[in-house]
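Let me begin by presenting the structure, written as structure tokens, before commenting on it.
Just so it is clear, none of the values below were taken in a lab; they were calculated from the coordinates. Because the structure is a prediction, the values reported are computed rather than measured. Every residue, glycine among them, receives a Cβ derived from its backbone with ideal geometry; neighbour counts consider all protein chains shown.
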Amino acid sequence: MTRVLGWLAALALLAGLGMAFAVAPREATQGTVQRIMYVHVPSVWVAYCAFVVVFVASIAYLATRAEAADRLAHASAEVGVLFTGLTIATGSIWGKPTWGTWWTWDARLTSVAVLFVMYVGYLLLRGMIDEGERAARYAAVLGVVAALNIPLVHFSVLWWRTLHQPPSLMKPGPSSMPPVIVRALLVNFAAFALLYLYFVAKRVRLLRLEGEAGA
Amino acid sequence: MIFARRAWSVVWKDLLVERRSKETLNALAFFSLLLLFVFQFALGPDRERLAAALPGLLWLGFVLAGLLGLGRTFVLERENDCWEGLILAPGDKSAIYVGKLAANVTLMLVVEGLILLLFAVFFNVDLAPALTGLALVMILGTVGLAAVGTLFAAMTAQVRARELLFPVLLLPVQVPVLLGTVKATEAVLLGEPLGAVGHWLGLLAAADVIYIVTGLLTFDFLLES
């Protein structure tokens, strides 16, 4: 089952690459470097989804004490941190030639950076506790606090950078993009989502085996 | 009613111990003074630069003192082996959270008042006209800081490298509170009306409510063992 998922993810990634390089048009002003968007944007979407999964799995663990829920939260946090890191790295690579800088304290960059350190802290906490049951309990509480904090971080950072409340909460979304770019983005998003599922499935299995070996 | 009395007995116990030993308060007062030295050395004698950095420095001082103070929330219980005694207290465990939170907020506000006084004297700034606005921002910010701090202190109390883990967990979560308080303090010190920073005060109040409710609901899970 996991293997099928892995192959599906690999195929979807290939298709995504094809869409990004062959089908989607070359951007007029930025040139080929703009194609990094097809990695950058899907990874941040997947990262947010991963942290929502951590939130839901944490609540499920606190409610039911099912170890499976804890393993899901743990795995999803790890993969979420990975994709957040990927977002920041690809963003920097994209930013250098287009903005002329690797990093700027723009609102969205800052939110993602805060998200990153928050969940690195989550993984640190997990690593510091040896008893599995307590690590699960504490991490679940932190998973809930961190997720509830995301909207607060989002608004505070937005107001901090722009000084004034923006006219609308909706960002200029993909609707302003040509449909071919939207399609390429969605294919890549599907590929990254499959990759996320594959990583999480692998990691959950590994955590289960680790637990069995330790017990 | 019983809940309030249980919370009150925790507050009373903690503040009484603190009043008699003055352990945390003395150390934090001295630490605050040292912070002033550090800020002065870092910025030099330039008054303009100081005025521009004042809101940030003020909250840097509050947060650093807070990290030290809040991290010690459960030190008394751990060092004197009273952890079980605290947990064995009858009834809802969230009363312990409320009590610890109230004691922390009280202690923090005392230290913050002291830091404010030190700033006014040593940096020669007139804070008097902004005092009401400043007090409001300080209360909103301190409650937010302490609400998460108390929860995380319970979380890290029994963990190795707790002195390290506590700030590492608390600081990222406190980004909204830090941004809100610094921005609001900046406006207040410039003499702007509070209405101009209404959205920040709203955000801080919302953060306080979210943090306290989360703390009430999850504190139970941290104490069982």
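For the stretch B:163-213, pairs of C-alpha atoms spaced more than 17 angstrom apart make up 43 percent of the total.
Computed from the Kirkwood radius of its Cα pairs, the Stokes-Einstein diffusion coefficient for the protein assembly as shown at 25 °C and 0.890 mPa s stands at 103 µm²/s.
Computed packing ranks the peptides B:94-104, B:36-46, A:132-142, A:15-25 as B:94-104, A:132-142, A:15-25, B:36-46, most packed first, by mean other Cβ atoms within 10 Å.
Scalar couplings 3J(HN,Hα) for the stretch B:92-99, obtained by applying the Karplus form with A = 6.51, B = -1.76, C = 1.60 to θ = phi - 60°, are 5, 5, 5, 4, 5, 4, 4, x Hz; x denotes Gly and Pro.
The length gained on full extension between B:VAL17 and B:LEU136, counted as 0.36 nm times the residue separation minus their Cα-Cα distance, comes to 40.0 nm. Across the options B:SER9, B:GLY66, A:VAL23, the greatest Cα extent toward the positive end of the charge dipole of the protein assembly as shown (unit charges at beta carbon of Lys, Arg, Asp, Glu) belongs to A:VAL23.
Among the residues of B:173-182, the average count of other protein chain beta-carbon atoms within 10 Å of the residue beta-carbon is 6.
Direction-averaged projected area, Cα convex hull, chain A: 13.4 nm², rounded to one decimal.
Net charge dipole, the protein assembly as shown: roughly 920 debye, given to the nearest 20, about the Cα centre with Cβ charges of +1 for Lys and Arg and -1 for Asp and Glu.
For the stretch B:2-223, a simple Cβ point-charge model (Lys and Arg +1, Asp and Glu -1, everything else neutral) yields a dipole of about 300 debye relative to the Cα centre.
Were the residues from B:ARG49 through B:ASP81 laid out at 0.36 nm apart, the gain over their Cα-Cα distance would be 6.7 nm. Legend: helices of chain A (whole DSSP H runs) are marked when their alpha-carbon atoms reach 18 angstrom or more along the helix axis and their mean Kyte-Doolittle hydropathy is at least 0.5; marked are A:2-18, A:37-64, A:107-128, A:132-162, A:179-214. The calculated Kirkwood hydrodynamic radius for the stretch B:55-136 is 14.9 Å, given to one decimal from all distinct C-alpha pairs. Of interest is the spacing of the C-alpha centroids, which for the stretch B:17-81 and the stretch A:67-81 amounts to 37 Å. Within 10 Å of the Cβ of each residue in A:57-65, the mean number of Cβ atoms contributed by other protein chains is 1. Annotation: aspartates and glutamates with alpha-carbon distance below 14 angstrom to B:LYS13 (same-chain offsets under eight excluded): B:GLU77. Could you compute the FRET efficiency for B:PHE31 and A:VAL33, with r as their C-beta to C-beta distance and R0 at 45 Å, rounded to 0.05? According to the calculation, E is roughly 0.35. Residues B:GLU18, B:GLU84, ranked from the fewest to the most other C-beta atoms within 10 Å, line up as B:GLU84, B:GLU18.
The peptide list B:186-192, B:203-209, put in order of mean Cβ contacts within 10 Å with the highest first, becomes B:203-209, B:186-192. Mean projected area of the Cα convex hull of the stretch B:2-223, taken over all directions, amounts to 12.4 nm². The fraction of all Cα pairs in the stretch B:1-75 landing in successive 10 Å bins from 0 to the largest distance is 16, 35, 25, 16, 7, 1, given as whole percents. Dipole magnitude of chain A about its Cα centre, charges +1 at Lys/Arg Cβ and -1 at Asp/Glu Cβ only, in debye to the nearest 20? That gives chain A a dipole magnitude of about 420 debye.
Selection among A:ALA50, A:GLY91, A:THR2 by position relative to the dipole of the stretch A:1-153 gives A:GLY91 as farthest towards the positive end (Cβ unit charges, Cα centre). Within 10 Å of the Cβ of each residue in A:121-128, the mean number of Cβ atoms contributed by other protein chains is 4.
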